[in-house]
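First comes the structure, then the notes that go with it.
The values are calculated or read from the model by the stated rules, or taken from the named source; none is laboratory data. The model shown is predicted, which means the values in this text are computed figures rather than measured ones. Every residue, glycine among them, receives a Cβ derived from its backbone with ideal geometry; neighbour counts consider all protein chains shown. For the accessible areas, the whole protein counts, side chains as well, though only heavy atoms, and no ligand, DNA or RNA atoms are used. Shrake-Rupley method; radii C 1.70, N 1.55, O 1.52, S 1.80 Å.
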Amino acid sequence: MTLAVDNMYCDACPYIVQQTLAAVPGVENVAVSFEQKSATVTYDDTKTTLDALTSATTQAGYPSRVI
């Protein structure tokens with residue numbers, strides 16, 4: 001699933017978004033694109049939800065939504 005991620009303005013932002021999403025139980029892989037302001041997440045939907053993913057990024061200061 002791909003998320004549009006707001007508030008990524010510096011070189012450290014993609015790393016923070018990646019680490020935030022990777023910390024959510026059930027997330028298997030995360031690829032963040034600074035240029036596209038997006039994150040592609042592979043996750044086990046029996047262990048986490050879309051709401052948990054978007055909530056995690058929002059709490060870290062990077063609101064996200066499904067593209």
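Report those strands (runs of 3 or more DSSP E) wholly inside segment 10-67 carrying at least 1 residues which are open to solvent by 30 Å² or more (accessible area, probe 1.4 Å), in contact with a Ser or Thr (Cβ under 6 Å, 6 or more places away or on another chain) and of a type in the set (D, E, K, R).
Counting at least 1 such residues, we get 27-33.
I'd like the full set of residues that are among the charged types (D, E, K, R) and closer than 11 Å to SER64 by Cα, limited to segment 2-46.
Within segment 2-46, ASP6, LYS37 meet the criteria.
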